[in-house]
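Novice: Next up is a structure, given as structure tokens.
The values are calculated or read from the model by the stated rules, or taken from the named source; none is laboratory data. Quick caveat, the model's predicted, so the values are computed rather than measured. Please note: Cβ atoms are built from the backbone with ideal geometry, for glycine as well, and neighbour counts cover all protein chains shown. We work out accessible area using only protein heavy atoms, side chains counted, and drop any ligands, DNA or RNA first. Shrake-Rupley method; radii C 1.70, N 1.55, O 1.52, S 1.80 Å.
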Amino acid sequence: MFLLPFPYSPQEVFETIKMVELENLDIRTITLGISLRDCGGSDVKVVGAKIFDKIVRCAANLVEVGEELERYYGIPIINKRVSVTPLSLVAEGCSEEEFCYLAEVLEKAAQEIGVNFIGGYAALVHKGFTTGDLNLINSIPQALAATERVCAAVNVGTTRAGINMDAVLLMGKIIKKAAELSAERSGISCAKLVVFCNAPEDNPFMAGAFHGVGEPECALNVGVSGPGVILSVVRNNPGVDLGTLATLIKQTAFKVTRMGELIGRAASKRLGVPFGVVDLSLAPTPAVGDSVAEILEAMGLERCGAPGSTAALAILNDAVKKGGAMASSYVGGLSGAFIPVSEDAGMARAAAEGALTIEKLEAMTCVCSVGLDMIVIPGDTPEETIAAIIADEAAIGMINNKTTGVRIIPAPGKKPGDYVEFGGLLGKAPVMPVNRYSAAAFVQRGGRIPAPLQALTN
Amino acid sequence: MREVITRARLEKLGDRQELTFPEGTIFTQAARELIREKGIKINLVPQKSADEEKEPRGPNPEEKEINRAIVTVIGHDKVGIIAAVSSILAGVNVNILDITQTVLQGFFAMIMIVDLSKCKVDFLTLKKMLEEKGEELELRITLQHEDVFRFMHRI
């Protein structure tokens, strides 16, 4: 075999080694989407047995394959997870108690295959509820309190359908109740519950992952990460103008995403399932240096949340997408920078110091991927206020044709300034103050916010 | 379709049993835990199916396709680095295709491209052997598949 000239420069080789060893380059998640549409039936025990069998059969060696690839390529894969068809579609005829039973089945299946989260305890109600949807949503607090690994999502709006305000108000209630039922753990159930507008069908990231109706039997989706790698590039180029900085971020995002593509293809081959998408998200962790807030600060902000934060995030988010889109043949999911508060040490610090407020976070969600994520608010926040926060965020998603979500935790008994610790990747965060003026009369009107002009594209 | 063994299937068994399954059987994570707890011994026997799958027998079909890897060494220069690394590689029948060395921010840095197609041990074992050698010599030695570099730096 001839090799002339040497195919990689030493700089290239050591750049890769450095990314993996020093800058926390990792694959955030490989998520196996599994369709449960063939698991329906009239007897909930039979449905449960079918669901358990199907998940275990399809994902039995997911963790094993993931660990094998980690060692093989030397790149850590932080999470191996499973998402399933929204359960309200699979078990439409179930009562609240029966849905809770199915949540336990999901928990058992997740335990059996060794995944830390399973997503798909979900309902899509952007235009209205079916009886099954309502039963599932009402069962969420109980189901989340009784399980560790099950994640719930509810889609309350889309650009094409508008926003179901009855669902928004109901979710305000459900979030409060979920927090109360897990009060001894500061309302941790709410960390496993996302309210979406324009929810993507192939999102690999928890807690909002589910396997959409247009998806195949099984599909493997990959979520890349890499705030640490981007942070290092930004830090090493303090004086460059923003155009040049965007280009540098773009080039780095390309490299990070290529690793997602490589691992995704290898995993789908070994598991014998089709490769779905790479989700080009910058997903932070509570680890030092693995923070989106720190990137914004390295770009020149004294603290994340300062004026300029939205612009800086817009540059970052766009550059990550441009670099990533070129690197993968199929891009999907959420694809953008995440700005969770508790899961990002830099965000949590900025919030604790008062630099970052919920209002600023809301503005920032207009230019990045997800929404108000992992925000802890006082436990006595009224459910109508929570519903109004959801409505604001859903409106941003609806009008801007993008995904937005709300994962907010009204920590029981906590006041602004208190700290709440969830542990692990969920991290810890200060309780953030919420605007004390009421929107109760507005959200109680109910009904449906009509789809905007943006929906009329045909 | 390969068989999947769940925890429930092993739960009724007593401790320290010996079981035989066809090769390629998948054990779930929970089943693996139980196997460890109960000290169950699992024998995997090669399966001769009528229409012998196209999968060739061997350590891992993947290994056949990707047969090049990159060895890097970083640390303080000293006598015998190349000798130490190349003797490990020669010992397991790995051919060195190319080698380059340079000084990076004051550190000695060596890169080798190696051909693993005739390697006698699997990738992970070799990786471990090299890393252990690195610790012994106070150097950082890594082994990475060429794919990682190809995907990252070439379109």
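Novice: In whole Hz, what ³J(HN,Hα) sequence does the range A:246-260 give by Karplus (6.51, -1.76, 1.60; θ = phi - 60°), x for Gly and Pro?
Specialist: Listing the rounded values in order: 4, 5, 5, 4, 4, 4, 5, 4, 4, 5, 4, 5, 4, 5, x Hz.
Novice: Another one. Do you know the relative contact order of chain A, to the nearest whole percent, from alpha carbon pairs under 8 angstrom that are 6+ apart?
Specialist: Dividing the mean separation by the residue count of chain A yields 17 percent.
Novice: Right, next: Run the numbers on the range B:61-153 and let me know its relative contact order in percent, using alpha-carbon pairs under 8 Å that are six or more apart.
Specialist: 41
Novice: I've got another one for you. Within 10 Å of each Cβ in A:66-74, how many Cβ atoms from other chains are there, averaged over the peptide?
Specialist: For this peptide, the per-residue mean of nearby foreign Cβ atoms is 4.
Novice: A further question follows. Which of the residues in the range A:256-288 show a loss of at least 20 Å² in accessible area from their chain by itself to the complete set of protein chains, at a probe of 1.4 Å?
Specialist: Those are A:258, A:259, A:262, A:269, A:270, which lose 20 Å² or more relative to the chain on its own.
Novice: Go through A:266-276, A:334-344 and give me the packing order, highest mean Cβ count within 10 Å leading.
Specialist: For the peptides A:266-276, A:334-344, the packing ranking is A:334-344, A:266-276.
Novice: Residue by residue through the range A:106-118, what is 3J(HN,Hα) from phi via Karplus (6.51 cos²θ - 1.76 cosθ + 1.60, θ = phi - 60°)? Round to whole Hz and write x for glycine and proline.
Specialist: So the Karplus estimates, Gly and Pro as x, are 4, 4, 5, 5, 4, 5, 4, 8, x, 9, 8, 9, 10 Hz.
Novice: Under a point-charge model restricted to the Cβ atoms of Lys and Arg (+1) and Asp and Glu (-1), what is the dipole moment magnitude of chain B relative to its Cα centre, in debye to the nearest 20?
Specialist: 260
Novice: If I compute solvent accessible area with a 1.4 Å probe over the protein chains, what percent of it on the range B:4-45 is carbon and sulfur?
Specialist: 46
Novice: Can you give the Rg and Dmax of chain A based on its C-alpha atoms, in angstrom?
Specialist: Reported Rg and Dmax, both Å: 21.3, 76.
Novice: Go ahead and estimate [θ] at 222 nm for chain B from helices alone: -39,500 (n - 2.57) per DSSP H run with n ≥ 4, summed, over the residue count, rounded to 500.
Specialist: Per the formula, -10000 deg cm²/dmol.
Novice: May I ask you to derive the relative contact order of the range B:4-45, considering only C-alpha pairs under 8 Å and at least 6 residues apart, and to give it as an integer percent?
Specialist: Relative CO of the range B:4-45 lands at 54 percent.
Novice: Continuing with this model, one more query. I'd like the antiparallel share, as a percent to the nearest 5, of DSSP beta bridges with both residues in the protein assembly as shown.
Specialist: If we restrict to bridges inside the protein assembly as shown, about 50 percent are antiparallel.
Novice: Still on this structure, I have one more. Which order do A:380, A:373 take when ranked by solvent-accessible area (1.4 Å probe, heavy atoms of all protein chains), largest first?
Specialist: From most exposed to least exposed: A:380, A:373.
Novice: Given a 1.4 angstrom probe, what's the average accessible area per residue across the range A:1-104, in square angstrom?
Specialist: 38
Novice: Continuing with the same structure: Report the accessible surface area buried between chains A and B, summing both sides, using a 1.4 Å probe on protein heavy atoms only, in Å² rounded to the nearest 100.
Specialist: When A and B are taken together, about 4100 Å² of accessible area is lost.
Novice: Find out how many positive minus negative residues lie around residue A:33, taking Lys and Arg as positive, Asp and Glu as negative, among other residues whose Cβ is under 14 Å from that of residue A:33.
Specialist: -1
Novice: Averaging over all projection directions, find the projected area of the Cα convex hull of the range B:4-45 and quote it in nm² with one decimal place.
Specialist: 2.5
Novice: Hey, got the average number of other protein chain Cβ atoms within 10 angstrom for residues in B:97-104?
Specialist: 4
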